[in-house]
Amino acid sequence: MTLIASIALFFGTGLGLTLCFPGFEKSSLAGRAGFAYLLGVAWIGLFLYTASHFGRARLDGPLVFLAAFLPMAAGLGIAVRLLILRRWREPAVRTRRGALQTIGRWGLVFLTILISSAVLANALTHPLEDWDGRMTWAAQAAFLRDAGTVDAEILRSPRSFISHPRYPLLMPLVQVAASEAAGSDDERAVRAVYAVFFPALLLLVFEAGRRWAGSLAALLIALLLLTVPWIPFDREGGATGAYSDLPLACFFGGGLLLLLRGRPRLSDGVAAGLLLAAALLTKNEGLPESLTALALAGLGAGIALLRRRRSGRARLLATALASILVLGSLGLLVSWRSPIPNRYDESYFETFSLSSFAHNLASERPFTTIPVIASRMFSAEAWGLFWWLTPVLFLVAAPSFRRPPTTLLAVATAVPLLAAWAAYAQVTTATYYASVTWNRILLQACVPLFGLLALAVKRLLTENRDIRDIRDNRENRDEKSSLSASLIVPGVSDVPDVPS
Amino acid sequence: MALAIGNCSRANNRDISADVIALNRASVLGLRRLRIGVGVSVLAVLIGAGAVNMIHRSWQLLAEAGRWAKLDSSEARRRSFGAAYTSAVDGIRRALPEDSWYLLVSPERTEADGWALWVRYDLAPRRPVLIQARAGGALRSPSGAGMPKWVHWAVLPDGEGRPLLLTREEALVRLKARDRR
């Protein structure tokens, strides 16, 4: 039971935050639950990072309790106030659904519970066995917890054997918080935290689909996500391991989703800022991804302002607030990282020069990764039929790029892939890196990618409805014309028209 | 007469153009129907086949978890990594204080580099200094620095991949003997 305490810590904290942020009133219950978990993880990770580095506070149980207590108490206060003022949102009026949609909903619930339970059960019974989890993330967490600070001597000592000592530490701090909440060193409590990122991602994708393409398209793309085995079951990047790619995918996707709302509130900007700041402090790729999300949101706001839409100002303010939080976390990262000598790392940037980068990018080196990339994507074991058939879906129902979310989502999907391509151009063992990272890069782009899929499914559904309408109209017309023909009596001209 | 012919041909033209429009509409409609049919089939195949696969794999994972549920943390580690390896790690954890530094000697074979990473995690938060055997039998860190004299303990692999805790001097003797062989 204590192993589950770590999940309750993050979920309770995040639930408090979603009550504090009025923007989440518009979200579905599923979307709110997904955001609650992500915000809880982001908040506690950021709080511990900042308090330990800038405040010199000791990383221990009381600090974790303080981090969780503040939003939980605030959220509880707001919940009580809403209950007293009877402003609790009324349950939505149930719309009638077709039989197929009802079956789909129950199927989604069944599959979500089954797959999430399987992932969680694996996490709660097996020790940590994945490569990066043991090499980097969980090892760093053990060193930080022992030292009681993010500025541990072992990170700064050039002689110590630490893999990737300058990698950002948000997820190791989350592991520290999970261990403190569980009150033990049992790594299964930590694994449970990663396992819950899978249902959180699913709820996020569902919410994204609902927002951009309606509830039926959301249902279908959530079912599609549930058919990809790699995301929940793979140990080297999926939810059964302790890699940081799944958390990064959730933070990046969640921040993007909040900022691309039609008319975001200020609280959406703060929530998006927390998620994007967490993305930046989760992995190195978080920096380009967070900046991309902010740039796309800024672009959307700029276009809305130029077109004199009322939403322009709200979008600009939300983006500005998110940018402040992201810049703050960038400052924290730079300040924390500067005294740490780099070692046991790929050192992409130590040999970096613009001319060699341009030369490598144009060379055949990155192109040598294409067979590896293809073998990863078309592996039925990893992706099922996903990459075999979704291109066909895009071919027959490509969403219109003239509509704003499509272009923005396409750019957000492309950025992690292009960043990986650029990194492959820089390393001599490009095919090896592609073989161990490509699936994880695809995962990072998961939320905008499934957003695009939702738009394609929406187009399919709209066209299907249009054709049904045309057919119904034609049948009505035929019925009417046959009716009027039967009413025409030869020689009688004053037959009244059949009302149309 | 001419007027009648003209009227007749205009009526014919109108009929023909209406037919062409209807044909065009029908072909566009047919194409749209085909696209929708393909799209819906793709979705049905993806979701149907994928759901069956995922139910099967989830069930396997749940069944396996059921078998492991009775094991405590150390027994689960023993089953995952082997009894000999786990006992060796537990022995070192008892003997070596948590705040101590140790020399972690990497195995000779480069493909066994993962060994050092695995042992480092299992012995954390004890602080490792990585040492590798260089050409000529010299022992150096990967950066080329010598073995630090202030570190009194060393962990190195025995012949079967189990970590072995020795004093620095014992480790040096053992490594020199290994080089001679």
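The values are calculated or read from the model by the stated rules, or taken from the named source; none is laboratory data. Note that the structure is predicted; figures quoted are calculated from it, not measured. Because the Cβ atoms are built from the backbone with ideal geometry, glycine has one as well, and the counts that use them run over all protein chains shown.
Given the conditions (1) within 14 Å of another protein chain (Cβ to nearest Cβ); (2) part of a helix (DSSP H, G or I); (3) surrounded by 15 or more Cβ atoms within 10 Å (Cβ to Cβ), which single one is not true for A:Arg343?
Exception for A:Arg343: condition (2).
Go through (1) in contact with a helix residue (DSSP H, G or I) (Cβ under 7 Å, 6 or more places away or on another chain); (2) in contact (Cβ under 8 Å) with a residue 40 or more places away in the chain one by one and return the number of the condition A:Gly312 breaks.
(2)
Considering only the stretch A:197-223, state which residues are of a type in the set (Gly, Ala, Ser) and either on the phi < 0 side of the Ramachandran plot or within 11 Å of another protein chain (Cβ to nearest Cβ) (or both).
A:Ala200, A:Ala208, A:Gly209, A:Ala213, A:Ser215, A:Ala217, A:Ala218, A:Ala222
For the structure I just gave you, tell me whether B:Gly48 is over 24 Å from the mean Cα position of the chain (by Cα), among the small types (Gly, Ala, Ser) and either surrounded by 14 or more Cβ atoms within 10 Å (Cβ to Cβ) or modelled with pLDDT under 70 (or both).
Judged against the criteria, B:Gly48 is not a match.
Are any residues in the stretch B:56-101 within 10 Å of chain A (Cβ to nearest Cβ), not in a helix (DSSP H, G or I) and not hydrophobic (A, V, I, L, M, F, W, C), and if so, which ones?
B:Lys70, B:Asp72, B:Glu98, B:Asp99
Tell me, yes or no, whether the stretch A:429-444 has at least one residue that is among the charged types (D, E, K, R) and either under 28 Å from A:Phe352 (Cα atoms) or within 17 Å of the chain's Cα centre (by Cα) (or both).
Checked against the condition, which is being among the charged types (D, E, K, R) and either under 28 Å from A:Phe352 (Cα atoms) or within 17 Å of the chain's Cα centre (by Cα) (or both), the stretch A:429-444 yields at least one hit.
Could you please find all residues in the stretch A:151-164 being surrounded by fewer than 22 Cβ atoms within 10 Å (Cβ to Cβ) and more than 9 Å from chain B (Cβ to nearest Cβ)?
Matches in the stretch A:151-164: A:Asp151, A:Arg156, A:His164.
Of the residues A:Tyr167, A:Tyr194, which single one is surrounded by 24 or more Cβ atoms within 10 Å (Cβ to Cβ) and either modelled with pLDDT under 95 or more than 11 Å from chain B (Cβ to nearest Cβ) (or both)?
Within the list A:Tyr167, A:Tyr194, the selection yields A:Tyr194.
Which residues, taken from the stretch B:102-140, are assigned to a strand (DSSP E or B), at pLDDT 85 or above and more than 8 Å from every other protein chain (Cβ to nearest Cβ)?
Result: B:Tyr102, B:Leu103, B:Val105, B:Ile131.
Restricting to the stretch A:135-177, name every residue that is β-branched (Val, Ile, Thr), out of contact with any Phe, Trp or Tyr (no Cβ under 9 Å at 6 or more places or on another chain) and part of a helix (DSSP H, G or I).
A:Val176
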